[in-house]
1. What is the percent carbon and sulfur in the accessible area of the chain, measuring with a 1.4 Å probe over the protein chains and ignoring ligands?
2. Relative to the longest principal Cα axis of the chain, at what angle does helix 94-103 sit, 0 to 90 degrees, rounded to 10?
3. Along the Cα→Cβ direction, 7 angstrom out, place labels at I120 and K137. What is the inter-label distance in nm?
4. Hey, what angle do you get for helix 7-22 against the long axis of the chain, alpha-carbon based, 0 to 90 degrees rounded to 10?
5. Using a simple charge model, +1 on the beta-carbon of Lys and Arg, -1 on the beta-carbon of Asp and Glu, nothing else, what dipole does the range 7-127 show about its Cα centre, in debye to the nearest 20?
6. Would you mind getting the accessible area per residue of the chain, heavy atoms of the protein chains only, 1.4 Å probe, in Å²?
7. Per residue of the range 75-82, in order, report the coupling 6.51 cos²θ - 1.76 cosθ + 1.60 (Karplus, θ = phi - 60°) as ³J(HN,Hα) in whole Hz, putting x for Gly and Pro.
8. Please state the relative contact order of the chain as a whole percent: Cα pairs under 8 Å, 6+ residues apart?
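The values are calculated or read from the model by the stated rules, or taken from the named source; none is laboratory data. In this text the structure is predicted, and so the values were computed from the model without any measurement. Virtual Cβ from ideal backbone geometry, glycine too; neighbours counted across all protein chains shown. We work out accessible area using only protein heavy atoms, side chains counted, and drop any ligands, DNA or RNA first. Shrake-Rupley method; radii C 1.70, N 1.55, O 1.52, S 1.80 Å.
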Amino acid sequence: MAMLLTEDRIQRLLAAAREARERAYAPYSHFPVGAALETACGRIFRGCNIENAAYGASMCAERVALFKAVSEGFSDFTALALVTAGPKIPSPCGECRQVLSEFAPQMPVIMANTAGEYQIGTVAQLLPAAFSGENLKGLGDQT
Ligand code: ZN
């Protein structure tokens with residue numbers, strides 16, 4: 001059950017995402033991204049985008065944060081903040097939406113620019129009709 005997203009909580013997550021953004025490794029896109037993923041127990045996992053000269057090996061900030069958390073034993077998530085620079089409000093890519101949906105379809109995502117403007121939407125709003133484990137059920141019966 002998600003706690004109420006108070007302005008304090010939003011600002012705490014945005015501060016953590018801005019911190020993470022400072023550590024981004026983005027020598028190719030020059031587009032640093034920071035993420036902060038909150039667990040049900042109140043812990044925050046930070047993530048930044050980490051690029052690679054072989055572009056396809058790069059990883060988004062959101063997935064870095066989520067993979068860090070899951071690998072440390074945390075998989076109950078209550079909010080995600082995402083911060084980029086520029087006038088536009090950022091938006092998670094399709095792959096990140098899918099990965100977030102696996103663990104927390106109802107989680108609110110706070111999408112912010114470095115000027116502090118933000119929008120909030122749930123993962124399910126960002127990825128309606130997501131592919132899930134439900135889609136794999138019964139496959140064994142058909143072969
Ligand atoms: Zn992504």
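1. For the chain, the apolar C and S fraction of the accessible surface comes to 55 percent.
2. 70
3. Once both label points are built, they end up 3.1 nm from each other.
4. Helix 7-22 sits at roughly 80 degrees to that axis.
5. 140
6. 55
7. 9, 10, 10, 10, 6, 10, 10, 9
8. Once divided by the residue count of the chain, the mean separation gives 19 percent.
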